[in-house]
Amino acid sequence: MTDVTSDIRPARSQWADVWDQFKTHRGAVMGMGFFVFVCLLVAIGPYLWTLDPNFIDIRAKNQSPSMLHPLGTDQLGRDTFSQVLAGGRVSLLVGVVAMALSLLLGTFIGVLAGYFKRLDGALMRLTDLFLALPLLPLLLVMIMLFRDTLRAAFGPETGIFLLIVFAIGITSWMNTARIVRGDVLALKEQEFVLAAQSIGTPPYRMIMRHIIPNVMSPIMVSATLGIANAIITESALSFLGLGFPSDFPTWGRLLFDSTNFMTLNPERVIWPGLAISLTVLSVNYMGDGLRDALDPRIRGR
Amino acid sequence: MRMKSILIGAAAALALAPAANAGRGDAGHVNIIYWQAASILNPFLSGGTKDVESSSMVIEPLARYDENGNMVPWLVTEIPTVANGGVSEDLTSITWKISPGILWSDGSPFTSADVVFTADYCMDETGGCQQLAKFSDVTNVEALDDLTVKVTFGKPKPFPYGPFVGGESPIIQKAQFADCMGAKAPECTEQNFGPHGTGPFRVTEFRANDVISMEANPHYRDPNKPAFATLTFKGGGDAAAAARSVLETAEFDYAWNLQIDPAILTQMAGAGKGTVVSAFGTGVERMMVNLTNPDAALGDKRSTVEGGPHPFLTDAAVRRALSIAIDRNTLAEVGYGAAGKATCNVLPAPAIYASTANDECLVQDIAKANAILDEAGWAVGSDGVRAKDGVRLSILYQTSTNAVRQDTQALVKQWWSEIGVETELKNISASVFFGGDQSSPDTFQKHFSDIEMYTNLFNGTDPEAYMNSWTCAEIPNPGNNWLGSNMPRYCNPAYDALSAELSGTADIDERARIAKAMNDMLMQEGAMIPLVHRGRVSAHSNTLGGVVLNTWDSELWNVADWTRN
Amino acid sequence: MLNYTIRRLLFTIPTLLFISFIIFLLLDLAPNDPTGNLPMTITPDVREKIRESLGLGQPIHIRYFKWCVQFFVNEPLNIVEQYFDITIGQGDRLRVSSWSTRSPVGDLIAERMPQTLWVVGMSYVIGILIAVPIGVYSAYRQYSWFDQTGTFVSMVGFSVPTFFTGVLMIVIFSVYLGWFPSKYDTLHVVTDWESFVFQVRQSIMPVSVLALFNASTISRFMRASMLDNLNQDYVRTARAKGMTERIVVLVHVLRNSLIPVVTVIALGIPQVFGGAIITEQVFSINGLGALLIQGIQGADIPLVQTLTFIFAVLIVFFNLIADILYGILDPRIRYD
């Protein structure tokens, strides 16, 4: 597999290798391109398209796309394009941060439970507990206990953002943990792990070097689904009155609000839906590429 | 009465010769959808509108309100009044005379014992009866003979039509519920799910929070009614889905409470399969101004009279400016369509109580609002927000979660920004906001905000209890466990005096004068900012005849008269 | 293995008790209230009386204990009595009763189980049946047009919420085409061919909405797992030994790839019993998901407590099954 010449080449960092492999994956590069594009769009967009997403022009309600409103307007005459831009900021941030939190928690608990037999029982029962907890009452309690404190400390918007990201993260790590644990259990019995153990590799290095890279693929799948999940969960929360204040658009809520206008103003439904789908798709391709790139068996082929 | 309806029925049958809707059960099956499903058929154990209305097809009160808000005798021969001797001169008792020959759906006769039992059932201390307010001040209910019931009150009642009038206070059968008194009430599942009644339908199958099957009551007093042999009362989904199933797919014949965007409703009605109907009752969407200080730093004294006055909402100029900066007509049009009218009163109906003294606010006037604030010394700061003596006009505006309310919030926020007022919006899940849980900071009673918005209304046509909501004694505070309905924390001895006067006055015109004066006092002092007079919106399919939308009683009050056309 | 299973089973009892207490605490702490959805015309002091009559005035440990007795003692005894038609002691025992309907929670659950199992269960089975072949073929022909399409469809299926796809289907198939009813009739009984056809017609939309979502998730995991295994040494060995491609892929690779997927599937089964909150609402199916959400919104503590606890039992149980399956499918894993 490995070329003889590559052994003579100057030592390269592992990450450069990963990047090289990643670049050969067309879908991944396109996915990353699109993702970066969307991020830039929502980051810079509002400075270029300066219409306030919350500005109401009631005479221009329920309009189809026009020069003035490229994506039309909603039932109060707010510009859909600026709303999609503003909503993207929140949705992407919620998606990425909540996903990262849930992934971190899930991988951490999954690896610990799978690797250390002693912790397995307790950690898996903890997972059961979290799987069983009803999300809505949990959120109601969290909001009751922490909303005012967070609002005082960070202001209404950042406060709610932290609360929601935390709530989504803490209630969505369990599947990742279960799957990672399962894979770790299987890995532990493989020869290379036994070999590494026999030469006295300490658990920390063992996990970082041998275990984590080999459970990357389920983690990547979880990550892809996690972003979508976080965006959708946020929209469900807004719908139930537990999300962001109503003058704070997000993709999920834009989609929900426009669902009933589907027959009246079909243009309005398409954009937030498309934005969510394409973002999730691009993250998925990135995940695919990253998984391949991280797999030493594929890399260099 | 009966002769007349037979004649009308016959005339209808002649007019629509082949339809032959003359006899009981001839019209076949009817489908009703309530997007909130009925959970129980006993309104004494659940006061939810869906439960009251679904049970109103089975169990009935002695008298009902018609679509104009007039009382009509239902199971009695006439409405007792002082004039006909039914109400005693000192206003402390009322005597009902039951129509002879009424049968329960199991064939047994309907007697005064059932009426007395119903009162005992609801007034039992341990039963948790949800319609207890209907029986307030009742000291005794007795049967004078098989068909006569006398209700005695502990004090003069100028309006003695609380018990046994309207959909919230129907009669249940003594024989069926005898073992279900007090603490045992909730255990009687079979009775609560299938009460015997005097109404046009009886229950064949009840699935809680899902669907009810009914059939025509064979013992119903009018032998030709109801026209429908069977009925399905389906629940679940949301308002838009319910509207769609009547107006666009015609799977259902009647849908209740369609509070969705008027533009969507109009488009659905355009399919030509059904008709949207609306009518106005007493409901008003209003803002409750907080006259006390909601500052979190006050701890236990937050939003209480002890915590001190509000930093800026106690300034009448600010309240007036906030009110006239709002375009109520737009709010009504955008949020409610045909079922909303701009209003400047919290007591807009019935017509004799409606005041016209406050109509200044019907027309939005941003310039004037700005002028008022300028004059009062609120100067626009560098951030565009007005301030005086270091106090900024920054408002926390809360309401329950509901698409229309969030649209209203967004519109109001924009108008207020035009007069230099900063607004932070907050919406709270309805079950928390209206829940009254002592430990929650987000209930409407606690009012830990500057402005809160919701709809309040009263049943029937008498506003006395409703207008008493804003007396000093009704202010929610930790001492009374936040139980009280005076959310603005408005306290004015003159208002309390009017309230006392109202409860001692029997003459209807005099009552109207006092109630109007109370409404005007509340409005002119700006304790509340009324926005929209809200009606009910329902829809029925074009093949369903006889629907008369009634906002004063159950919407299904005349289901016996419904026909297929 | 047997030893392990018995130990795990014994350990579930304290775990479940602990979970039930945490859920109870959580529900009690939650700020929503059973009188919250009542009309404004019901006065505050009547509301307070209603709360008292529901027993909300008692301290939490007493209420929890009462629930435990009702759930762990009275309900099983009632089932035994009903099943064997006998009376144990005095037959009049308090059952766990919902606050909003005042009827036994057990009856409510039994009433709703059929439609939930039919719709959600069927969508799960269909989802798996679609997902496994798609996942296998997508991985085998990685980056082919089939894989690309599959990826796109499953990502759209996963990222577009059911509240949207459900309404979209209703608008197309009920309103414009008039093929299927938009509301699910729970009273419908299948007796003959015609009624069966109606049952199929009324389930098609909700089942396909949910199946799309389920298939999206599972096919992703299936594909990822297949890809992992296709590159393993044993596959090359098998091919080198001259096995047909069919046997290599469908026997060796598939069997090993199914291991993590089986876990995902087993872990998803409790969710079938949990119902599908949004889809059930869109089509008015009124199954267990709708029951739970109504209970939560109405702060119906006994109902939500019982439902979530049964849910917890299923989760713990299926986790156990997943672990045991894991041990059987992958002989390298030893638990002892």
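Values for this structure:
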item: Hits in segment A:134-150 - residues which are within 19 Å of A:L237 (Cα to Cα) and either open to solvent by 30 Å² or more (accessible area, probe 1.4 Å) or more than 7 Å from chain C (Cβ to nearest Cβ) (or both); result: A:L135, A:L139, A:M142, A:I143, A:L145, A:F146, A:R147, A:D148, A:L150
item: Matching entry among C:I278, C:I324 (being part of a helix (DSSP H, G or I), under 23 Å from B:V432 (Cβ atoms) and open to solvent by 10 Å² or more (accessible area, probe 1.4 Å)); result: C:I278
item: Within segment B:390-417, considering residues that are within 10 Å of chain A (Cβ to nearest Cβ) and free of Cβ contacts under 8 Å to residues at least 24 places away in the same chain, the one surrounded by the most Cβ atoms within 10 Å (Cβ to Cβ); result: B:Q406
item: Positions within segment C:36-51 being open to solvent by less than 30 Å² (accessible area, probe 1.4 Å), within 7 Å of chain B (Cβ to nearest Cβ) and not in a loop (DSSP other than H, G, I, E, B), in sequence order; result: C:P44, C:V46, C:R47, C:I50
item: Among the residues listed as C:V282, C:V262, C:V251, the single one being touching a Ser or Thr at 6+ places or on another chain (Cβ under 8 Å) and either more than 9 Å from chain A (Cβ to nearest Cβ) or among the basic types (K, R) (or both); result: C:V282
item: Set B:M487, B:M467: member being crowded, with 23+ Cβ neighbours inside 10 Å and over 21 Å from C:T35 (Cα atoms); result: B:M467
item: Total residues in segment B:180-226, condition closer than 21 Å to B:F164 by Cα, buried (at least 20 other Cβ atoms within 10 Å of the Cβ) and of a type in the set (D, E, K, R); result: 1
item: Inter-residue pairs, beta-carbon under 6 Å, first under 23 Å from C:A290 (Cα atoms) and in segment B:204-232, second of a type in the set (K, R), 6+ apart; result: B:V211/B:K234
item: Residue check, A:G31 open to solvent by less than 70 Å² (accessible area, probe 1.4 Å), of a type outside the set (D, E, K, R), in a helix (DSSP H, G or I) and under 13 Å from A:Q83 (Cα atoms); result: no
item: Any chance A:M208 is within 24 Å of the chain's Cα centre (by Cα) and open to solvent by 40 Å² or more (accessible area, probe 1.4 Å); result: yes
item: Residues of segment C:166-181 classified as closer than 30 Å to A:N284 by Cβ and open to solvent by less than 30 Å² (accessible area, probe 1.4 Å), total; result: 4
item: Sole exception among (1) open to solvent by 60 Å² or more (accessible area, probe 1.4 Å); (2) within 14 Å of chain B (Cβ to nearest Cβ); (3) within 30 Å of A:D288 (Cβ to Cβ) for C:D233, by number; result: (2)
item: Lone unmet requirement of (1) more than 30 Å from B:T399 (Cα to Cα); (2) open to solvent by 10 Å² or more (accessible area, probe 1.4 Å) for A:W271; result: (1)
item: When residues of segment A:172-203 are limited to those that are of a type in the set (S, T, N, Q) and free of Cβ contacts under 8 Å to residues at least 60 places away in the same chain, the one farthest from the other protein chains (Cβ to nearest Cβ); result: A:T201
item: Any hit, segment A:222-230, residues being crowded, with 24+ Cβ neighbours inside 10 Å, in a helix (DSSP H, G or I), of a type in the set (A, V, I, L, M) and at pLDDT 85 or above; result: yes
item: Any hit, segment B:341-355, residues being closer than 28 Å to B:E67 by Cα, touching a Leu at 6+ places or on another chain (Cβ under 8 Å) and surrounded by fewer than 21 Cβ atoms within 10 Å (Cβ to Cβ); result: yes
item: Residue match in segment C:52-68 (condition: small (G, A, S), more than 24 Å from the chain's Cα centre (by Cα) and open to solvent by 50 Å² or more (accessible area, probe 1.4 Å)); result: yes
item: Residue list for segment B:227-247, filter: polar (S, T, N, Q), within 10 Å of chain C (Cβ to nearest Cβ) and open to solvent by 10 Å² or more (accessible area, probe 1.4 Å); result: B:T232
item: Residue in segment A:92-133 that is least open to solvent (accessible area, probe 1.4 Å), counting only those that are farther than 20 Å from A:G226 by Cα and either at pLDDT below 80 or among the aromatic types (F, W, Y) (or both); result: A:Y115
item: Meets criteria (charged (D, E, K, R), modelled with pLDDT of 80 or more and in a loop (DSSP other than H, G, I, E, B)) for C:R63; result: no
item: Members of segment C:133-158 found to be crowded, with 21+ Cβ neighbours inside 10 Å and not small (G, A, S), listed by number; result: C:I134, C:V136, C:T151, C:M155, C:F158
item: Residue in segment C:21-35 that is assigned to a helix (DSSP H, G or I) and within 10 Å of chain B (Cβ to nearest Cβ) present; result: yes
item: Filtered residue count, segment C:301-315, keeping only those that are of a type in the set (V, I, T) and over 13 Å from the mean Cα position of the chain (by Cα); result: 3
item: Qualifying residue in segment A:43-63 (condition: part of a helix (DSSP H, G or I), closer than 30 Å to B:P262 by Cβ and open to solvent by less than 50 Å² (accessible area, probe 1.4 Å)); result: yes
item: Per-region count, segment C:69-79, residues open to solvent by 30 Å² or more (accessible area, probe 1.4 Å) and not aromatic (F, W, Y); result: 6
item: Top-ranked residue in segment B:335-379 [being among the polar types (S, T, N, Q) and either within 20 Å of the chain's Cα centre (by Cα) or assigned to a loop (DSSP other than H, G, I, E, B) (or both); ranked as nearest to A:I58 (Cα to Cα)]; result: B:Q364
item: Any hit, segment C:88-99, residues being at the interface with another protein chain (Cβ under 9 Å from one of its Cβ atoms), touching a Ser or Thr at 6+ places or on another chain (Cβ under 6 Å) and either loosely packed, with under 15 Cβ neighbours inside 10 Å or under 17 Å from C:G298 (Cβ atoms) (or both); result: no
item: Within segment B:430-455, tally of residues that are within 12 Å of chain C (Cβ to nearest Cβ), surrounded by 21 or more Cβ atoms within 10 Å (Cβ to Cβ), touching a Ser or Thr at 6+ places or on another chain (Cβ under 9 Å) and outside any helix (DSSP H, G or I); result: 8
item: Filter result for the condition that a residue is touching an Asp or Glu at 6+ places or on another chain (Cβ under 7 Å), within 14 Å of chain A (Cβ to nearest Cβ) and part of a helix (DSSP H, G or I), over C:S154, C:S138; result: C:S138
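The values are calculated or read from the model by the stated rules, or taken from the named source; none is laboratory data. Quick caveat: nothing in here was measured; it's all calculated off a predicted structure. In this analysis, Cβ positions are derived from the backbone assuming ideal geometry, glycine residues included, and neighbour counts consider all displayed protein chains. For accessibility, only protein heavy atoms count, side chains too; no ligands or nucleic acids. Shrake-Rupley method; radii C 1.70, N 1.55, O 1.52, S 1.80 Å.
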